[in-house]
Structures are given as C-alpha cells and as structure tokens.
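The structure under discussion appears below in the form of structure tokens.
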Amino acid sequence: MKICVHGAGAWGTALAVNAAGRHEVTLWARDAAQAEAISKARENVRYLPGLALPPALTVRAGDLHQAQAGAELVVVATPMAALRQQLIALRGTTAPVAWLCKGVEPALDASPASYGLLAHEIWGQVAPELMAGVLSGPSFAQEVAEGRPTALVAASPHAAVRDALVDAFHGPALRVYANDDIVGVEVGGAVKNVLAIATGLCDGLALGLNARAALITRGLAEMTRFGLALGARAETFMGLSGLGDLVLTATGDLSRNRKVGLLLAQGQTLAQAVASLGHVAEGVYCARTVVQRARGLGVEMPIAEGVVALLDGRLSPQEAVASLTGRDPVPESVRPWMRPGRVP
C-alpha cells in the first residue's frame, strides 16, 4: 500500500515508521526546514530522538497534493486545532482519509453551536464527501515506534476506511480492530485526556492508589454519559478507545496530560507545566469545551468541571480535590448508560 502521513510530530512519525516496513510511506511535514532536518539525520530529533527512520520512509515538504499523489491511504497526524484546515485542503481526495488527533476543536466563536466539535463533526461540516474515519486507542508514540505490542481501533461509518486502516497497520505487534461507532471512539479519545489531568493531580498530591482507582472509575462514568448524549453506543466505552485509553493515559508515565496534573500538584502554574512538555497536551485545550458542551446537553461531569476550575485558576489543587470528595453521597449506578442526564 502507498501511504501518506501528514504531520511529522511524534505520533505521525511513529506510525510512519511502523508502516514503512511493509508499505511505501511518505511522511509530509508542513515546515520545509523540519523535513530537511529529519531526512538528513534519518531521525526526528525533536519528537522521537534516538529512533532511526527506516530507509524506505520518505520525508517531504512542499506541495501537499504532490506529496500524496497516488496514495491509497492518507493519515492526518496534526493536533485538533489544525484538523479543519487539513480536511479543507484534502477536499476532492478519493483515497480513504484518517485522522489521529484526540480532542475537541477550540470554540470558533461565542455561539453554543461552536463549542467542542469532535473531529467527525468537523469532517461533516467541511468535507463530507471524503471517505474518512479515525485511528485511536491506547497508545504512546514512543512504544509504537519501537515496535512494542499495541492495540488500536479504526472507526468509521465507511467499511472501506476501516479496511484500509487494518490493511495498513495491523501486524504482529500492532493490532487494529474495526468499529463503526465513530462517535464513541472519538468521545473516549477526547475525554480521557481531561480525566488524565485529574488523575495526575491525584498522584501528585499523593492521595493513594484507592483515590486513583475511584477517579478512573467515576471518570469512565462521566465519559459514558457524555458519549451517550451525543449518540454513541455504551459498549464502545468498555473497549480500547474508552476504558483502555483512559487507563493508559491516566496511569502511564509517558502521558503528557497526566504530567500536567502532576506538575500542577507540585505548585507549577499552567503556563509553566505546558511549556515544560515540549508537546501538545490536548486535555488542557479541550477541557473547557467538553464541559461547555456537556452543560448544553444537560450532562453532569463533576471531575471534568473540577479540572476546568483548576486550569482556570479558580481552584487550587487541594480545593479541586475537595470539591469532588465533598459531593453529597448518592447510590452508585454501575450501568450509567441506562439513565440519561444526571447519574452519580
């Protein structure tokens, strides 16, 4: 298969490296200087230092349509904030298109309709003619690039897109499972970033493993409520893009979103925490829009609300934790998808 990956960050580079052993892969970088540096060093020094690029991987910049000429699969590996423009640029593409970003789009204006658009909703707005979908699931770019065992999920309403992603990336170390619930897969990928900040805060304050388990479990309930209100299927949140991605991002030392929570617990400001990462932490950028959209849907998300108050500086780390532990006692619902709206 001939594959073109747009975006030479950590995740785009990792997937390009993984696929280059079996396919003809072009890694396209927006910045010509970055593309030249990667091509010359045969290493992405900024995002994946120490990992040699396979000889079969071509790195290019310049004209995007020329770079992807003849591609049988186009993979968009940009942050959420850049997805809209990337999809606009891809109008008219006949090959399957898949994005990797996990999050929600920043608000375009003050209207409620602009808050928290998921990637498939942006696709529906700007390029509905594309055969498109998402590749998501519990994965750190470094481990995928190193060939460590990983399982992902390919979600799209188009079987051709799901099949193309499985054909491109499924192998002995990287397993790819197909799912047609693109709403659920994207909600899981977005909300887990917000919940990972809360879990990092919990760990940074040394609240213990019991507290971490409680946050992950109740966070999964929040994620499920939100997803069901948007039309997702409940069982999706028990899978790779729900529980799987949440556990990885909330507990893994390579998680940037968890790192933000840890640094805030240590007394750093949000600006200091973000600046120290060197990469995008999508949870920081999508927390407010997730909460705003949940409010509009009448869905309660107390953990996400606490994260937003923390990021906005309205609560200290200790106060954010107290706002959750001080909630009134209620019965636990172990099947939150059976009751829309407010679930404890």
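Taking 49, 302, 96 in turn, the Gaussian network model of the chain (Cα-Cα springs below 10 Å) assigns the largest fluctuation to 49.
A full extension of the chain between residue 253 and residue 63 corresponds to an added length of 64.7 nm, given 0.36 nm per residue minus the alpha carbon distance.
So if I place +1 on the C-beta of Lys and Arg and -1 on the C-beta of Asp and Glu, and nothing else carries charge, what would the dipole magnitude of the chain be about its Cα centre? I want it in debye, nearest 20.
Dipole about the Cα centre, nearest 20: 280 debye.
Between the listed residues 17, 47, 89, the Cα displaced farthest toward the positive end of the dipole of the chain, a dipole computed from Cβ unit charges relative to the Cα centre, is found at 47. Taking only DSSP H segments of four or more residues, each worth -39500 (n - 2.57), what value at 222 nm results for the chain once the sum is divided by all its residues, to the nearest 500 deg cm²/dmol? Calculated at 222 nm, the ellipticity per residue is -14000 deg cm²/dmol. For the chain, set up a Gaussian network in which alpha carbons nearer than 10 Å are linked by springs, and say which option among 300, 319, 282 fluctuates the most. Of the options given, 319 has the highest mean-square fluctuation. What you get for region 2-180, charging only the Cβ of Lys and Arg (+1) and of Asp and Glu (-1), is a dipole of about 320 debye around the Cα centre.
Label-to-label distance, residue 148 versus residue 292, with points set 7 angstrom from Cα along the beta-carbon direction: 3.6 nm.
Once the Cα atoms are used to define both axes, helix 282-297 deviates from the longest principal axis of the chain by about 60 degrees. Could you please report the charge total around residue 188, scoring K, R as +1 and D, E as -1 over all other residues with beta-carbon less than 12 angstrom from its beta-carbon? Net charge around residue 188: -2. From the list (i) 1.05; (ii) 1.00; (iii) 0.96, can you say which value of Rg/Rh (Cα atoms, Kirkwood Rh) was derived from the structure given? The calculated read-out lines up with (iii).
Distance between the modelled labels on residue 312 and residue 269, one decimal in nanometres: 1.9 nm (7 Å Cα→Cβ projection). Taking 7 Å steps out from each Cα toward its Cβ at residue 45 and residue 85 produces label points 2.6 nm apart. A full extension of the chain between residue 325 and residue 206 corresponds to an added length of 41.3 nm, given 0.36 nm per residue minus the alpha carbon distance.
Every number here is computed from the coordinates shown, using simple stated rules; none is lab data. Just so you know, these numbers come straight off a predicted model, no measurement behind them. Ideal geometry is used to build each Cβ from the backbone, glycine not excepted, and the neighbour counts take in all protein chains shown.
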